[in-house]
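I have placed the structure first, in the form of structure tokens, so that the comments after it can refer back to it.
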Amino acid sequence: MSKKHQDKMNENYKFTRHVYDITRPLFLFGRNSLLEDLNPRLGETICEIGCGTARNLVRLSQRTQNVQLIGLDASTLMLEKASSKLKKNNLEKKIKLYHGMAENYIFEEQIDKFIFPYSLSMIPKPKEALTNIFNQLPPGGSIYILDFGSFKYWPSIVKEPFFGFLNFFQVYPDHEVLNIFEFNKECKSKVKSKLGGYSYFATLTRGNF
Ligand SMILES: C[S@@+](CC[C@H](N)C(=O)[O-])C[C@H]1O[C@@H](n2cnc3c(N)ncnc32)[C@H](O)[C@@H]1O
């Protein structure tokens with residue numbers, strides 16, 4: 001566990017964690033559609049990498065039965081917030097929370113689907129994180145990523161200040177990170193750009209194709 005990154009994330013969310021759930025819908029678009037696209041099967045295990053305040057896990061738990069849910073996060077402060085939300089909603093048995101870094105965390109349980117809603121762009125070594133997580137997928141398992149895109153069709157008068165705002169909050173979008181799977185015969189990937197490049201939605205599925 002990188003203590004330095006944990007401290008950076010805690011510093012980042014020291015105050016903003018208290019307003020996180022009411023402010024983030026203003027710019028983290030598409031999270032509810034990602035949850036709808038998951039369409040979990042009975043008995044599946046789903047893990048959110050960078051689960052933050054557990055906003056997505058709580059929503060998922062409300063729409064699924066007999067699905068095991070897990071959240072991993074590098075920030076102890078965000079996990080405290082998540083944990084009190086689970087307590088309030090009586091969801092502690094349905095959702096497990098773990099503290100660790102996506103780049104090297106090894107899960108004890110088999111996980112069928114991993115989701116990265118707006119977390120990959122905050123992970124310092126996103127290629128390492130994706131490789132570590134992909135290697136833990138069973139055949140047929142998938143990774144779902146939703147994150148900021150290249151803003152291809154946005155004017156630079158909007159794009160540049162917005163990227164400055166994101167960088168201030170330790171967010172460094174890099175949609176090209178998925179290129180590491182280009183020649184991986186075990187991975188089938190699909191990438192869709194949304195809102196003129198504001199965000200992208202990608203799925204990576206493991207199998208022998
Ligand atoms: C922008 S927030 C998104 C939170 C949540 N997914 C959502 O949609 O509300 C990104 C989260 O990723 C976590 N994070 C950053 N780097 C991480 C890493 N290397 N491993 C695990 N989590 C990380 C942060 O602490 C933060 O809670």
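The values are calculated or read from the model by the stated rules, or taken from the named source; none is laboratory data. Because the structure is a prediction, the values reported are computed rather than measured. FYI the Cβ positions are ideal-geometry reconstructions off the backbone, even for glycines, and counts take in every protein chain you see.
Things to note:
- Inter-residue pairs, beta-carbon under 6 Å, first β-branched (Val, Ile, Thr) and in region 103-127, second outside any loop (DSSP other than H, G, I, E, B) and within 13 Å of the ligand (Cβ to nearest atom), 6+ apart: Ile111/Cys47; Ile115/Glu48; Ile115/Tyr144; Ile123/Ala129
- Selected residue (criterion: nearest to Tyr105 (Cα to Cα)) from residues of region 142-173 that are in contact (Cβ under 8 Å) with a residue 60 or more places away in the chain and surrounded by 15 or more Cβ atoms within 10 Å (Cβ to Cβ): Ile143
- The listed residues are Ile157, Ile133, Ile123, and the only one of them that is modelled with pLDDT of 95 or more, closer than 17 Å to Ile46 by Cα and out of contact with any Cys (no Cβ under 7 Å at 6 or more places or on another chain) turns out to be Ile133.
- Residue within region 174-197 that is modelled with pLDDT of 95 or more, among the polar types (S, T, N, Q), crowded, with 16+ Cβ neighbours inside 10 Å and under 14 Å from the mean Cα position of the chain (by Cα) present: no
- Among (1) in contact (Cβ under 8 Å) with a residue 24 or more places away in the chain; (2) in contact with a helix residue (DSSP H, G or I) (Cβ under 8 Å, 6 or more places away or on another chain), the one test that Pro139 misses: (2)
- For region 41-58, the set of residues classified as of a type in the set (Val, Ile, Thr) and within 12 Å of the ligand (Cβ to nearest atom) consists of Ile49, Thr53, Val58, listed by residue number.
- Residues in region 17-38 that are of a type in the set (S, T, N, Q) and either under 17 Å from the mean Cα position of the chain (by Cα) or surrounded by 13 or more Cβ atoms within 10 Å (Cβ to Cβ) (or both): Asn32, Ser33.
Here is a yes/no grid of residues against (1) β-branched (Val, Ile, Thr); (2) under 21 Å from Leu35 (Cβ atoms); (3) within 12 Å of the ligand (Cβ to nearest atom):
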{"residue": "Met101", "(1), (2), (3)": "no, no, yes"}
{"residue": "Lys113", "(1), (2), (3)": "no, yes, no"}
{"residue": "Thr131", "(1), (2), (3)": "yes, no, no"}
{"residue": "Gly141", "(1), (2), (3)": "no, yes, no"}
{"residue": "Tyr172", "(1), (2), (3)": "no, no, yes"}
{"residue": "Lys185", "(1), (2), (3)": "no, no, no"}
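- Pairs with Cβ under 6 Å, 6+ apart, first in region 59-86 and modelled with pLDDT of 95 or more and near the ligand (Cβ under 9 Å from one of its atoms), second β-branched (Val, Ile, Thr) and not in a loop (DSSP other than H, G, I, E, B): Leu72/Ile49
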